[in-house]
Amino acid sequence: MKNILLLTDFSENALNAIHYAINLFGDNCNYDMLHVKSSTSYTTDDILTAGNESLYETFIKTAKDDLESLVLDLRKEYKAQNLNIETIVDFDVLTDAINQVVKSREIDLVVMGTNGITGAKEVIFGSNTINVIRKVECDTLVIPEDFKFRKIKEIVLPLDALDSIVGRTFARLLQFVKNYESKIHLLRINQTGSIPDAQLRDKERINNFTIEMSYSYNIVNNVPMHYAVSSFIQTHNIDLMMLIEQKELMFERFFMGSTTTKIGNNLTVPLLVFHS
């Protein structure tokens, strides 16, 4: 990772995600910290209260000052590291603002907390987190509320019948695993019990990429995905879950079905979504 975008609304949840990212990636990358102001967060009274101050002073400068103060605090806390952090405040739709920064700053990864920018708890992570994963074409790391950083030793990658362990995105995923010397658990879940074509090709493909890599290959039949994944995480001390967001909308298949929303509501480990 070279360029990382940290999202913040100055909440404890957002700050926790920022700390996780800094502990994970250190000072070997460039950080941009983004705070997005939305017009829907202001009322007529807010604007009238501003009096003669410009809209810039009312909506932007205070947030900019708060960001700079946060950066100073982070640099003091991580004084042994040479943190390169730039701050950005935007007045826009959240995903539009993120997409603009991703493009202009050549961002490699977006980091955010599970409750999104507003902290609102909705179905699954909160609407902001869902929208970022859906609408921002960039890998995204989502940190659960109150999850403290720990070394990534065990990673799980759930696979359903439509997923194939091949391609450039999967190669990037494996490179991440290798960089952190982690063990990856491939969890092939056949909810209907039938054997998908992808599973038949798994063995050959595994032999091609698992040289000098610690891994396990697991098959679960006739079990709903959210049960299979939740049980695996609890019984294997998983530190990170990965998903590959493909054109077939893996994220939608994994989280949005009526039987699978439970795992989203109870995410207990960080989630790293790779976009194809």
Original post:
Can you run phi through the Karplus equation (6.51, -1.76, 1.60; θ = phi - 60°) for the range 152-160 and list ³J(HN,Hα) in whole Hz, with x for Gly and Pro?
Top reply: 7, 9, 10, 10, 10, 10, x, 10, 10
**OP:** Once you have the Cα-Cα distance between residue 218 and residue 96, take 0.36 nm times their residue separation minus that, and quote the gain in nm to one decimal.
**Re:** 40.0 nm
**OP:** Please list the non-local residues whose amide H lies under 5 Å from the amide H of residue 109, H modeled 1.01 Å from N, same-chain partners needing a gap of 5 or more.
**Re:** 3, 5
**OP:** Obtain the nm distance between the two label points defined at residue 209 and residue 25 by a simple spin-label model: each point lies 7 Å from its Cα along the Cα-to-C-beta direction.
**Re:** 2.2
Original post:
Say each of residue 137 and residue 68 gets a label point 7 Å from the Cα, pointing the same way as Cα to Cβ; how far apart are those two points in nm?
Top reply: 3.5
Original post:
When you count, for each residue, the other Cβ atoms within 10 Å and take the mean per peptide, how do 99-105, 199-205, 239-245 rank with the highest first?
Top reply: 239-245, 99-105, 199-205
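Bear in mind that the values in this text are calculations on the coordinates, not laboratory data. Because the structure is a prediction, the values reported are computed rather than measured. FYI the Cβ positions are ideal-geometry reconstructions off the backbone, even for glycines, and counts take in every protein chain you see.
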